[in-house]
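Each reported figure results from applying straightforward, stated rules to the coordinates on display, with no laboratory input. Since this is a predicted model, take the numbers as computed values, not measurements. Cβ sites come from the backbone with ideal geometry, for glycine too, and all protein chains shown count toward neighbours.
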Amino acid sequence: MANMMFDFSSSPDTPAGQTAVSGPICTYTEFAGTATTSDPEHPMMVLLNENGALPEEIAGRFLNPAKRTAFSYTIDREDATADIVRIDSRFVALLGWLGENGILVRLSGVATSDGFAVYGIREVDSTGSSKLSAEDGFLQFVIQRILESAVQEEDENTADDDAMKLTSMQSITDFLSSAAATLPANIRSWARRNLAVARSTEVSPDERRHAQHALSIMLNIQWKSTYFEPIDPVAARKILDEELYGMVSVKQRIIETIIQINRTHTLPAYGLLLCGPAGTGKSQVAYAVAKILRLPWTSLDMSSIHDSEALTGSSRVYANAKPGSIMEAFYMAGQSNLVFIINELDKAEAQSSGGNPADALLTLLDGFGFTDNYMECTIPTGGVYPIATANDKSKISEPLMTRFAVIDIPDYSHEEKKVIFQKFALPKVLRRMGMQLSECTVTDEAVDVIVDQYADQPGVRDLEQAAEHLAANALYRIETQKITGVMFDAALAKEILSQ
């Protein structure tokens, strides 16, 4: 018998599928499930199905496992029970919660040689029964979270957790009863302590409110494994070439990082610091990396952060206390593995009565865990990949610089800007405006004029604005003059851009 949540009394000589009658009756053995979806080949549990008697869907209740591990149902107006013979170990706690609270559910399954393989559990109307937080949305949220607890990479086909959020005390309590095993050990202990505070009548209302709010934030984050599956370098290079023009050395550095991840199955010890003039594509590089890693991304603008408390949160001793921007980023991402884009790191205010906000990033960047003053708990950060951008790296403190692998991104040459305008900026603007390439064409001479007009401006943002100006003018002419398209030569482009 694998490790059990409940203490069942049985004799070591009892045959499989039977138990001694001196104590609670446990009829199942556990198996270590790893599938990220539940289907007939990967069931949550298997019930004894004598003579193929169970239909594909049956409604009933799991018995309280403190007495017997079986499913009670009615078929053809006859009451019956079916013993549970095998169960995915990840679902033991959920089974206990459903059984202890007598929640009416409908099982979806199929008869197999092993028994009735259950691959779906939905709550049904429990007329006359006390329902805890057991709306079906909550049940599906818990099942999905349990299944995804084994996911090693982002799965675009999984259910959106935003459809269900743990906010009420009942849903928080029930989640900890049925799916606490999906939490890291230290967060599990923290959650139980905070649950006690949130339910206590011996503390102030503010303390209870803060404890419940902190629990809601923490439990709605999916704490994922920091093991990363291999990433195809060829596919990664294709993404980089589609998203970025030129930047040969930058792309090489990113591919080297991908290969390192493939060897170690963990993120590198150092994030990336992208340094260069404004508009050279630093943020675009960060977004491309997030796409390659198949991770959600969040951004933080350091120029708008004026003290460290904005990042690390405020203590719960204050009635208006709240988490910091870093913790909020985890909550908005909905998971612990993400790309953290730190924009304008060189613009963080060093002189502040609340402390240098840039220094507050050090614990996040070290990868050993981050502590938010409001949450009062160290959260794992091994799945966080930080990417910072800066215009002037000389303004960044040495301690921060040592946490990054620095990549310098130079400004583009005249010829590179021409290609970017023709191959990237103009097509991007036309797609955004719903226009065809034939509706707005720009001659090579006109592109020279455009690039020369913004030669004293670093980066390519002005080029995209110029492309939008020309495209808008072309669309106006097409609609008012009833023509099929506009070609901009050097003279016309210069005239339009001077308006």
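Ordering Arg431, Arg237 from the fewest to the most neighbouring beta carbons within 10 Å gives Arg431, Arg237. Provide the net charge surrounding Ala32, with neighbours chosen by a C-beta distance below 12 Å and charges set as Lys +1, Arg +1, Asp -1, Glu -1. Here the count lands on 0. When only alpha carbons of region 414-497 are considered, Rg and Dmax amount to 11.9, 38 Å.
The angle between the Cα long axis of helix 205-219 and the longest principal axis of the Cα atoms of the chain comes to about 80 degrees, rounded to the nearest 10. Taking the centroid of alpha carbons for each part, region 23-93 and region 393-465 are 60 Å apart.
Summarising the label geometry, the points placed 7 Å from Cα in the beta-carbon direction at Ile478 and Lys238 lie 2.9 nm from one another.
The three principal axes of the Cα atoms in the chain give end-to-end lengths of 94, 58, 45 Å, sorted in falling order. Relative intensity of region 309-380 on a log10 scale, I(q)/I(0) at q = 0.13, 0.19, 0.27 Å⁻¹, equals -0.38, -0.82, -1.42, per a Debye sum over C-alpha point scatterers of equal strength in the absence of solvent.
By the beta-carbon count within 10 Å of each Cβ, the least crowded to most crowded order of Ser149, Ser72, fewest first, is Ser72, Ser149. Look at Trp223, Trp297 and count the other Cβ atoms within 10 Å of each Cβ; fewest to most, that gives Trp297, Trp223. Rounded to the nearest 0.05, what FRET efficiency is calculated for Met433 and Ser177 with R0 set to 45 Å and r the Cβ-Cβ distance? Given R0 = 45 Å and the Cβ-Cβ separation, E is 0.30. Cα to Cα, under 16 Å, and not fewer than 8 places away if on the same chain: which lysines meet these conditions relative to Lys282? Excluding near neighbours in sequence, the set is Lys251, Lys291, Lys347, Lys393, Lys417.
Give the separation of the Cα centroids, region 289-307 to region 308-338, in Å. A separation of 15 Å, based on Cα centres.
Within the shell of other residues whose beta carbon sits under 10 angstrom from the beta carbon of Val486, the net charge comes to 0, with Lys and Arg scored +1 and Asp and Glu -1. Full extension of the chain between Glu445 and Glu398 yields a length gain of 12.3 nm, computed as 0.36 nm times the residue separation minus the alpha carbon distance. Packing, taken as the mean count of other beta carbons within 10 Å per residue, orders the peptides 447-458, 481-492, 97-108 from highest to lowest as 97-108, 447-458, 481-492.
Okay, helix-only estimate at 222 nm for the chain: each DSSP H run of n ≥ 4 adds -39500 (n - 2.57), divide by all residues, round to 500 deg cm²/dmol; what do you get? Don't skip to the answer; put the middle values down first.
Values: 17 runs with 178 residues, N = 499.
Helix contribution divided over all residues of the chain: -10500 deg cm²/dmol.
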